[in-house]
Amino acid sequence: MSPTEIFWFFIMLSAFQPVITRRLLEYSRQRMISKIENDRGSRVILLVHREEKMNFLGFPVYRYIDVDDSEEVIRAVQLTGKDVPIDMILHTPGGLVLASLQIAEAIKKHKGKVTVFVPHYAMSGGTLISLAADEIVMSEHAVLGPVDPQLGRYPAASILKVIARKSPKDVEDETLILADQAEKAIIQVRESVKALLQGKPSNGKADELARLLSEGTWTHDFPITYERAKALGLHVSPNMPDDVLKLMGLYPQPTRTQPTVEYLPGPRTRRPVEASPGSS
């Protein structure tokens, strides 16, 4: 081959390499999903949100639970036999209350057992969905989060506290309107959580748990670990299947120009240190 032909060969290879890599990754995901479904006799549904970068300009796009997600999940549930178990894998910072509750209601009404797997985190709307499941499986360092509603940039519970501490004549009309919406939002989410927990093994703590999660007891990003979730009365399990973790590994975060975390891949076990020559 001439130098010109070699040059154009590498240009074409560089152009097609991302497409080939993506196709291979998609194939690997489908194989692993199929393996989990065959091993567990279930329908596997993933809701995974990663930061994405636009190909042309490279700016980040942050994903969250939206109505498109709820439509797809509901469609997957509808295509699943009533007696077929559903295994839902969640990795999300949360999202719209409407979309999250639609998904939660769909999986709560499913007749077969619904298990939610949380390999890393399922915050806010992800926790709402988890509460509807028959069992929540969390890995050792996974977390859930409070579901207290947010109005724009502000937590609904904090808006109400501001109103309670000030005289009405010192509060702007816009803030009073926000307070009215905040009160309604908290009530709606609290009642929704109670409904999702109805019939679940929450050790009789459904009312208390709904209040704790929805009324601003903690900050919105407070991590609810497996131990805390169990203490709160949620039906949680630490038995995370290895295949679920392997599947999550097939959803990598988009590569940054300069990686922030680096390590040599593969497991490590403790082994004896070899003595250097000449040492006694």
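The values are calculated or read from the model by the stated rules, or taken from the named source; none is laboratory data. If you're wondering where the values come from, they're calculated on a predicted model, not measured in any experiment. Backbone-built Cβ (ideal geometry, glycine too); neighbour counts: all protein chains shown. Each accessible area value is taken on the protein alone, full model and side chains, heavy atoms only, with ligands, DNA and RNA left out. Shrake-Rupley method; radii C 1.70, N 1.55, O 1.52, S 1.80 Å.
Of everything in region 92-135, what is of a type in the set (Val, Ile, Thr), in contact with a helix residue (DSSP H, G or I) (Cβ under 7 Å, 6 or more places away or on another chain) and closer than 17 Å to THR80 by Cα? Give them in sequence order.
Correct list: ILE103, ILE107, VAL114, VAL116.
Mind checking whether some residue in region 215-227 is free of Cβ contacts under 8 Å to residues at least 40 places away in the same chain and in contact with a helix residue (DSSP H, G or I) (Cβ under 9 Å, 6 or more places away or on another chain)?
Going through region 215-227, the residues free of Cβ contacts under 8 Å to residues at least 40 places away in the same chain turn out to be 227.
Now drop any that are not in contact with a helix residue (DSSP H, G or I) (Cβ under 9 Å, 6 or more places away or on another chain), which leaves none.
No, every residue in region 215-227 fails to be free of Cβ contacts under 8 Å to residues at least 40 places away in the same chain and in contact with a helix residue (DSSP H, G or I) (Cβ under 9 Å, 6 or more places away or on another chain).
Which ones in region 68-122 are touching a His at 6+ places or on another chain (Cβ under 8 Å) and of a type in the set (Phe, Trp, Tyr)?
Hit for region 68-122 is TYR121, nothing else.
Could you check region 70-80 and list, in sequence order, the residues that are open to solvent by 20 Å² or more (accessible area, probe 1.4 Å) and within 16 Å of the chain's Cα centre (by Cα)?
Scanning region 70-80 gives a single hit, GLU72.
Give the residue, chosen from ASP173, ASP180, ASP242, ASP207, that is in contact with a helix residue (DSSP H, G or I) (Cβ under 8 Å, 6 or more places away or on another chain), of a type outside the set (S, T, N, Q) and free of Cβ contacts under 8 Å to residues at least 24 places away in the same chain.
Exactly one of ASP173, ASP180, ASP242, ASP207 is in contact with a helix residue (DSSP H, G or I) (Cβ under 8 Å, 6 or more places away or on another chain), of a type outside the set (S, T, N, Q) and free of Cβ contacts under 8 Å to residues at least 24 places away in the same chain, namely ASP207.
Could you say whether any residue in region 30-50 is open to solvent by 20 Å² or more (accessible area, probe 1.4 Å), over 21 Å from VAL244 (Cα atoms) and modelled with pLDDT under 95?
no
Scanning region 51-69 for residues that are out of contact with any Asp or Glu (no Cβ under 7 Å at 6 or more places or on another chain), farther than 18 Å from ARG29 by Cβ and open to solvent by less than 60 Å² (accessible area, probe 1.4 Å), which turns out modelled with the lowest pLDDT?
Filtering first and then ranking leaves GLY58.
Select from region 81-107 the residues that are open to solvent by 40 Å² or more (accessible area, probe 1.4 Å) and closer than 27 Å to THR219 by Cα and write down the one among them that is nearest to the chain's Cα centre (by Cα).
PRO93
Does at least one position in region 218-226 carry a residue that is under 22 Å from GLU105 (Cα atoms) and among the hydroxyl-bearing types (Ser, Thr, Tyr)?
No, the conditions are met nowhere in region 218-226.
Can you confirm whether region 126-145 contains a residue that is among the acidic types (Asp, Glu), in a loop (DSSP other than H, G, I, E, B) and either open to solvent by less than 10 Å² (accessible area, probe 1.4 Å) or free of Cβ contacts under 8 Å to residues at least 60 places away in the same chain (or both)?
Scanning region 126-145, I find no residue that is among the acidic types (Asp, Glu), in a loop (DSSP other than H, G, I, E, B) and either open to solvent by less than 10 Å² (accessible area, probe 1.4 Å) or free of Cβ contacts under 8 Å to residues at least 60 places away in the same chain (or both), so the answer is no.
Which ones in region 201-242 are under 19 Å from VAL114 (Cα atoms), open to solvent by less than 30 Å² (accessible area, probe 1.4 Å) and not small (Gly, Ala, Ser)?
LEU234, VAL236, MET240, listed by residue number.
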